[in-house]
1. Kindly count the pairs of lysines across chain A whose alpha carbons are less than 28 Å apart, treating pairs on different chains or eight or more residues apart as eligible.
2. Can you tally the net charge around B:K56? Count Lys and Arg as +1, Asp and Glu as -1, for every other residue whose Cβ sits under 14 Å from the Cβ of B:K56.
3. For segment B:1-73, state which GluC sites (Glu not before Pro) are in a DSSP loop and have at most 15 other beta carbons lying within 10 Å of their beta carbon.
4. Please compute the net charge surrounding A:H35, taking Lys and Arg as +1 and Asp and Glu as -1 over other residues with Cβ under 14 Å from its Cβ.
5. Report the accessible surface area buried between chains B and A, summing both sides, using a 1.4 Å probe on protein heavy atoms only, in Å² rounded to the nearest 100.
6. Given +1 on the Cβ of Lys and Arg, -1 on the Cβ of Asp and Glu, and no further charges, what dipole in debye does segment A:7-53 carry about its Cα centre, rounded to the nearest 20?
7. Can you tally the net charge around A:T10? Count Lys and Arg as +1, Asp and Glu as -1, for every other residue whose Cβ sits under 13 Å from the Cβ of A:T10.
8. Please give the residues from segment A:153-183 for which the solvent-accessible area of heavy atoms, probe 1.4 Å, is smaller by at least 10 Å² with all protein chains in place than with the chain isolated.
Amino acid sequence: MIPAQFDYLTPATLAEAVSLLGQHPDDAKILAGGHSLIPAMKLRLATPQILIDIGRIKDLAYIREDGGQIRIGATTTHFQIEASDRLREICPLLPECAAQIGDVQVRNKGTIGGSIAHSDPAGDWPAAIIALGAEIVAVGGGGERVIKADDFFVDMLTTALDQGEILREIRINIPSGRLGQAYLKVPQPASGFAVVGVAVNLTRDQSGKCNSASIGITGVASKAYRARAVEQALTGSALDDEATAAAATHATDGVSVNGDLYASDAYRRHLAQVYTRRAIEAAASRAK
Amino acid sequence: MKVEGTHELHASRDRVFTALIDPAVLQRCIPGCERLEKTGENAYSTTLRAGVGSIKGVFTGNVRLEDVQPPSHFRLIVDGKGQPGFLKGAGDINLDERDGVTVITYNGEVQVGGTIASVGQRMLQGAVKMMASQFFTAIEAEAKTEAHEPPPKHGFFRTTLRWLSGWLRRVLKGTVQPLK
């Protein structure tokens with residue numbers, strides 16, 4: 001449990017961090033909260049030569065509202081999001097998801113930017129980020145660009161971030177209408193990672209029918225994905241028991257489900273359907 | 001752990017088979033292969049820098065081909081060890097040709113032990129799938145290259161682009177459903 005030797009750099013600004021990353025494209029890793037990277041380094045499953053710590057950069061941890069959007073800085077901790085009264089009011093999915101990540105220590109140190117950039121196939125944030133249709137702001141040597149959540153998660157531990165880019169901010173349009181959101185998960189009892197995690201973000205119209213639905217699922221496949229077949233089946237439905245149960249059967253349509261010692265692929269597929277149904281029910285009941 | 005899958009390659013079966021048993025081609029196509037040396041008839045020793053994302057480890061080991069029946073079948077036997085753990089496995093690889101498309105079916109059993117198995121267990125299956133699709137995409141590019149042409153270059157972006165263009169072609173032909 002002792003990591004291999006590495007150099008540790010502490011840039012004072014994000015521009016400096018980008019420039020350091022540009023100087024060491026192949027052997028440097030960005031360190032934020034360190035709750036995925038450091039355990040991997042202690043087991044020597046990851047052996048970066050250089051760590052660039054962005055955790056000490058001022059003004060990179062924030063929750064703001066700007067131009068109809070929620071903007072969350074990369075090094076904002078899970079706990080800061082969990083504890084935000086304003087988010088609980090305008091986008092309750094974020095604190096609900098944050099509260100279910102790992103344990104207290106992980107939530108106190110781990111960051112939303114680190115979790116998304118790491119793209120663990122069982123991470124909680126990717127599901128919520130996809131369900132909320134978030135935008136991810138990346139900064140690199142060539143300046144900034146905005147990546148849509150649907151395009152961000154490429155494969156297991158692989159994102160659309162280029163080697164020289166750093167995730168700077170997450171932007172979410174402030175949801176409106178008769179809003180119902182929920183995040184439900186089955187945590188792995190030892191690690192706390194999602195065996196299955198389902199994030200639902202829906203709206204109902206005047207008559208109570210489902211106006212729009214956006215659903216992200218994590219833990220099931222090599223990356224978090226958007227359950228479009230469920231969304232299609234749900235949109236326009238009355239969100240009653242029958243429609244919800246029917247829609248949830250599409251939870252793993254077109255997805256290659258992974259199995260492991262704890263949960264076989266068949267069991268995961270089943271869990272995904274059950275938890276999709278429960279998450280839709282919870283979200284629908286909250287849409288007042 | 002069971003390892004199985006199917007890949008469709010748009011190249012003739014003979015050429016795919018030749019590529020699959022050519023050590024020079026394999027060295028270019030196996031993700032992270034740093035060394036592949038012949039140690040005997042159909043036997044090789046290899047060094048792999050294998051992994052996914054930031055999780056990587058160096059493995060050294062042996063690869064052996066058995067029951068080679070060109071151009072439709074061979075059996076692959078691998079064993080390797082490295083700092084993150086060890087692996088040992090065997091599998092059958094079958095090639096079928098349908099309308100100019102080579103369909104590769106692989107089916108095997110792999111034992112993985114050490115750190116990678118105890119803490120990385122939940123990601124093993126996904127990692128194997130990801131590396132297999134990178135490998136077969138690279139093999140497809142090799143099998144399409146004419147003998148007198150220089151070998152194609154591989155890399156994450158090229159492989160991803162090839163995968164995307166192949167997928168689009170299949171969607172347009174109606175052989176696979178577009179992602180929903």
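1. 21
2. On the way: positive: A:K29, A:R44, B:R49; negative: A:D26, A:D27, B:E34.
With Lys, Arg at +1 and Asp, Glu at -1, the neighbours total 0.
3. Numbers: sites: B:E4, B:E8, B:E34, B:E37, B:E41, B:E66; in loops: B:E41.
Filter output for segment B:1-73: B:E41.
4. Its environment carries a net charge of 0.
5. Details: alone 10780 and 13180 Å², together 21870 Å².
So the total buried area for this chain pair works out to about 2100 Å².
6. Values: 3 positive and 5 negative charges, 49 e Å.
For this selection, approximately 240 debye.
7. Working: positive: A:R56, A:K58; negative: A:D7, A:E16, A:D53.
Summing Lys and Arg as +1 and Asp and Glu as -1 gives -1.
8. A:V154, A:D155, A:M156, A:L157, A:T158, A:D162
The values are calculated or read from the model by the stated rules, or taken from the named source; none is laboratory data. This structure is a prediction, so every number in the text was calculated from the model and none was measured. So basically every Cβ, Gly included, is an ideal-geometry build from the backbone, and we count neighbours across all protein chains shown. Keep in mind that these areas ignore ligands, DNA and RNA; they rest on the heavy atoms of the full protein, side chains included. Shrake-Rupley method; radii C 1.70, N 1.55, O 1.52, S 1.80 Å.
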